[in-house]
Structures are given as C-alpha cells and as structure tokens.
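These notes are about the structure you will find just below.
Only the coordinates and a few stated rules stand behind these numbers; no lab work does. All values derive from a computational prediction rather than experimental measurement. Every residue, glycine among them, receives a Cβ derived from its backbone with ideal geometry; neighbour counts consider all protein chains shown.
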Amino acid sequence: MAHDTYVQDGKLLYSTDLNALNNSGVDGRVVMLLDQDTQTLTVDIQTSGLEPGPMHIQHIHGFADDSDAKSPTIAQDTDGDGFVELAEGLATYGPIQLNLTLNPDNAVHDHGTEGHDHTDEAVFPTVGEDGKLSYREVFTFAADDPNAQAIFDGITPLEAKEIVIHGMTTSANQGVGTEGEVDGTAGFKLVLPVASGELEGIAPAADVLQAIGDLDLNPNEVVDWNAIAAEVTANFEATGQWFI
C-alpha cells in the first residue's frame, strides 16, 4: 500500500517514533504533512525526557543524493568515549537540511544558496521542568525563492530523511582526553544528539486519520474520503464487518 493512498493528490503524511541517543531517556513522536502543490511542510513534534531550561536544537538531517538516513548506534562512537557525538552521527544521518525552529520563515532560507546561511538567527525551543516539548510549525518554501526552493528540493523525499534532537549536560569525567563536544568539560552540550528517528510514509487508513488528528488539521482538506470508503467497503465484503 502506497503512503499516498488515503490522502488527496499532492499531499503526503510521514511519522517517526523517536529513539533515545546517548542514554538521554528522551522519547517521542514526529508527524509531518507535506503538501507538494503549495510546498508547505507542517511539523508536529511531541517529546518527553528533554533537559529543562536550555535550548534544544532540532533538524531534518539527510544526504544530498537522497540515500537513506539512519539513526546512529554506538558503532559510530569512533573516539570510544561512550557517546555518539554530532560529527560521529553524520556518517549515518547526514548533514542538517532544515532547522526545525520557532521562526520557520527564517529556516526556509537557511542552508540554501551561497550567502544565505541564517543559522545564527535560528530560534529553537526550550522545555519546562516537565521536560516535555510540544512543537508545531508550518514551513512554506516559495517556488520563486531560489534559497527556499533549494531547501525544499533537498528535504524531499522525506522518507529518506532523519529527525535529530540535540542537547544534554555531561560531566567533567566523561570524554576526558577525546575530541568532540563530550571532552571532559562539564556543562550543557548544545549539539550532542539525544534522540533521532527515521521518517516513514504513513500508509494504513487508520494511521492516516490518527496523524491528521495529531496535526490538528481539517480532515476534509487532507483525506481522500473516496479511497477510505472503498477500503471500508472492501473490508465489509471480505469479512462482513465495517472497519478501516
């Protein structure tokens, strides 16, 4: 079943369950709606276990040739300090392709054509004492803006991309004598990966409806109800039961 079966033409839904990295204890879920016609991306991230207070940077990572980005494992810990640091993880999840910020108009111009790197202007979320992040933003990539178009072309297809969230405190006895962000210096490591997940297209009808609910969207603007009806009818004819 293709993941465009139960949505209207030009729309695609994606999700991933986040896995903790570096024993962070972070978990969560990401849901996205890509509208290819309007070149918009709606992103919903719900996580728990993040460190309260400091900013947590988060991105879509991937490769320019659209090879499959994957979550790193301890096998990527090349310096043997017990942590998979940002640079070590690049081998599996690739470079940053989109900053998932609180100011998406800025992010859609970042990492585009030469001379348009706005990383210093990016505003990323923080979390309260409960360690929970509830993030939802819409990114619009204007087709007449070469910087935005370059980013949109870079992040699609999304099923080849990875979500990575960063930021955790380490102690002075961790990573002593090694390079990277965990180097024996105590403090909050802004770029240290704490969770990642590989994006996948959402295919089953029930999961499509759940994702639309997660994104708080009007289902009439996303769902192909004719396809849903055909699925329900086929299920009834096969089993005598109405279900999706």
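For this structure, a couple of remarks:
- Lys/Arg +1, Asp/Glu -1 at C-beta; region 11-202 dipole; positive extreme among N147, T73, G53: G53
- Dipole of region 1-131 [Lys/Arg +1, Asp/Glu -1 at C-beta], most positive-end residue of A87, H3, Q39: H3
- Dimensionless Rg/Rh of region 1-43 - Kirkwood Rh, Rg from C-alpha atoms: 1.15
- Taking the chain and dividing mean pair separation by its residue count, relative contact order in percent (alpha carbons under 8 Å, at least six apart): 27
- Loop-resident sites, region 208-244, for chymotrypsin sites (Phe, Trp or Tyr not before Pro), counting at most 11 other Cβ within 10 Å (DSSP): W242, F243
- Counting only the Cα atoms, region 158-222 fills a convex hull of 121 Å³ per residue.
- About the centre of its Cα atoms, the chain shows a dipole size close to 560 debye [charges on the beta carbon of Lys, Arg (+1) and Asp, Glu (-1) only; nearest 20 debye].
- Pairwise inverse Cα distances across the chain, averaged and inverted, put the Kirkwood hydrodynamic radius at 19.1 Å.
- Placed amide H near G167: partners under 5 Å, 5+ positions off or other chain: L192, V194
- Radius ratio Rg over Rh of region 189-232, counting only Cα atoms, Kirkwood formula for Rh: 1.21
- Binned Cα-Cα distance frequencies in region 122-244 - 5 Å width, integer %: 2, 8, 10, 13, 14, 14, 11, 9, 8, 5, 3, 2, 1, 0
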